[in-house]
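Presented below is the structure to which this report refers.
The values are calculated or read from the model by the stated rules, or taken from the named source; none is laboratory data. Keep in mind that what you see is a predicted model, and the values were worked out from it rather than measured. Glycine also receives a Cβ, built like all others from the backbone with ideal geometry; neighbour counts cover every protein chain displayed.
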Amino acid sequence: MQSKHGFTLIEMMITLAVLAIVTALAAPSFRGVLLDNRVSTWSSEFISALNTARSEAIRRGVLVSVVPAAGGYANGWTITPGTVVVAGTEINVKTFSVANDASLTGSTGVTVTFGRLGNMTSNNFVLNVDPIDCTTGQQRRRVISASSTPNRPPRVARDVCP
């Protein structure tokens, strides 16, 4: 008698059942990882904008600002050299936009300006970055803070959702 190679129908059904159970258990934790990655990406993009503005101010020897879009930082921001008199009339170095599933709160209408020596000439700045579906008590919020203190880089801290 020859032995037959392959799977029986029962073996295949058991394997699929085990796979379905493992997938069902892993899906909620994977969603949390995705939310954390999104918030981390938004925070990194904003820190990148602040660092770019600072380096442009040093390179050009002029004031360079990170200006919120109309409606605040939740709608994006622009890096602009010189003093901004009217929003929308500036020469842009770089423009950023935020995905529609982001919530940015805090100093949302404040323009962050760096001087020619790389120091922040505007007041202290705090921006909270949350995913839209941030559940109260979960540690998914990122708090970005920048200070006019010399040689102090912007900081990102984790916090719980409100």
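Checking the stated criteria, Val67 turns out to be closer than 29 Å to Asp133 by Cβ and hydrophobic (A, V, I, L, M, F, W, C). Residues that are charged (D, E, K, R) and part of a helix (DSSP H, G or I) do occur in region 51-58.
For region 39-47, the count of residues that are exposed (fewer than 10 other Cβ atoms within 10 Å of the Cβ) and in a helix (DSSP H, G or I) is zero. Restricting to region 122-162, name every residue that is farther than 15 Å from Asn51 by Cβ and either among the aromatic types (Phe, Trp, Tyr) or part of a strand (DSSP E or B) (or both). Val126, Asn128, Val129, Asp130, Pro131, Arg141, Arg142, Val143, Ala157, Arg158, Asp159 - these are the residues of region 122-162 that are farther than 15 Å from Asn51 by Cβ and either among the aromatic types (Phe, Trp, Tyr) or part of a strand (DSSP E or B) (or both). Is it fair to say Val33 is at pLDDT below 85, assigned to a helix (DSSP H, G or I), among the β-branched types (Val, Ile, Thr) and over 14 Å from Phe114 (Cα atoms)? Criteria met by Val33. In the set (1) buried (at least 17 other Cβ atoms within 10 Å of the Cβ); (2) modelled with pLDDT under 80; (3) within 20 Å of the chain's Cα centre (by Cα), Thr78 fails one condition alone, (2). Of all residues in region 62-70, none are in a helix (DSSP H, G or I) and surrounded by 10 or more Cβ atoms within 10 Å (Cβ to Cβ). Ala24 passes every criterion in (1) loosely packed, with under 15 Cβ neighbours inside 10 Å; (2) touching a Ser or Thr at 6+ places or on another chain (Cβ under 8 Å) apart from (2).
The residues of region 98-121 that are at pLDDT 75 or above, of a type outside the set (D, E, K, R) and either part of a loop (DSSP other than H, G, I, E, B) or touching a helix residue (DSSP H, G or I) at 6+ places or on another chain (Cβ under 6 Å) (or both), listed by number, are Val110, Thr111, Phe114, Gly115, Leu117, Gly118, Asn119, Thr121. Among the residues in region 84-97, are any within 16 Å of Arg38 (Cα to Cα), assigned to a loop (DSSP other than H, G, I, E, B) and at pLDDT below 75? Taking every residue of region 84-97 in turn, at least one turns out to be within 16 Å of Arg38 (Cα to Cα), assigned to a loop (DSSP other than H, G, I, E, B) and at pLDDT below 75.
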